[in-house]
1. Can you find a residue that is over 30 Å from residue 20 (Cβ atoms), at pLDDT 70 or above and touching a strand residue (DSSP E or B) at 6+ places or on another chain (Cβ under 8 Å) anywhere in segment 84-107?
2. Spot the failing condition for residue 92; the list is (1) in contact (Cβ under 8 Å) with a residue 40 or more places away in the chain; (2) surrounded by fewer than 10 Cβ atoms within 10 Å (Cβ to Cβ), and only one is missed.
3. Could you check residue 113 against (1) farther than 30 Å from residue 60 by Cβ; (2) outside any loop (DSSP other than H, G, I, E, B); (3) modelled with pLDDT of 65 or more and say which number it fails?
4. Being over 48 Å from the mean Cα position of the chain (by Cα) and modelled with pLDDT of 70 or more is the requirement here; does residue 147 meet it?
């Protein structure tokens, strides 16, 4: 039985093929598949930390809301009462494959580049007629910085 430990949304999950999970809301559309970071692949007597060439395929099933949490604050003899609540936004995912080898993206074969046609040569007369840019004036050397006068400590009067 192969399993993996993946990282999603700053949390780590131990997953197996066919498993369904509720995780923090993901920015993936329903029905899309993606490959989270794989930290560990184990099972069947094998274990591999930070596996290279291994990946986990995850399919987004849909979005859900977590259980409602009620929060009440109360301080006696002051009339202080506060009630709030919270429902976590979650995403339901399904693990479709664990430990499948990561396939290299099939790159389309590069089309041969067409040879560039040689540029026509410019006549020597037109080159001579073009004005040349005037040379820049040399930069003036900077004057050495004057040392600052240090403030002398004041003598205390007795």
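1. Yes, there is a match, as at least one residue in segment 84-107 is over 30 Å from residue 20 (Cβ atoms), at pLDDT 70 or above and touching a strand residue (DSSP E or B) at 6+ places or on another chain (Cβ under 8 Å).
2. It fails just one condition, (2).
3. That leaves (2) as the condition not met.
4. Working: over 48 Å from the mean Cα position of the chain (by Cα): yes; modelled with pLDDT of 70 or more: yes.
So residue 147 fits the description; yes.
For (1) surrounded by fewer than 15 Cβ atoms within 10 Å (Cβ to Cβ); (2) within 21 Å of residue 24 (Cβ to Cβ); (3) in contact with a helix residue (DSSP H, G or I) (Cβ under 8 Å, 6 or more places away or on another chain), each residue gets a yes or a no:
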position	(1), (2), (3)
45	yes, no, no
56	no, yes, no
71	yes, yes, no
76	yes, no, no
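To keep it simple, each residue is scored yes or no on (1) at pLDDT 90 or above; (2) touching a strand residue (DSSP E or B) at 6+ places or on another chain (Cβ under 7 Å); (3) closer than 13 Å to residue 95 by Cα.
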position	(1), (2), (3)
4	yes, yes, yes
16	yes, yes, yes
26	yes, yes, no
34	yes, yes, yes
43	no, yes, no
56	yes, yes, yes
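The values are calculated or read from the model by the stated rules, or taken from the named source; none is laboratory data. Note that the structure is predicted; figures quoted are calculated from it, not measured. Cβ coordinates were reconstructed from backbone atoms using ideal geometry, including for glycine residues, and neighbour counts include every protein chain displayed.
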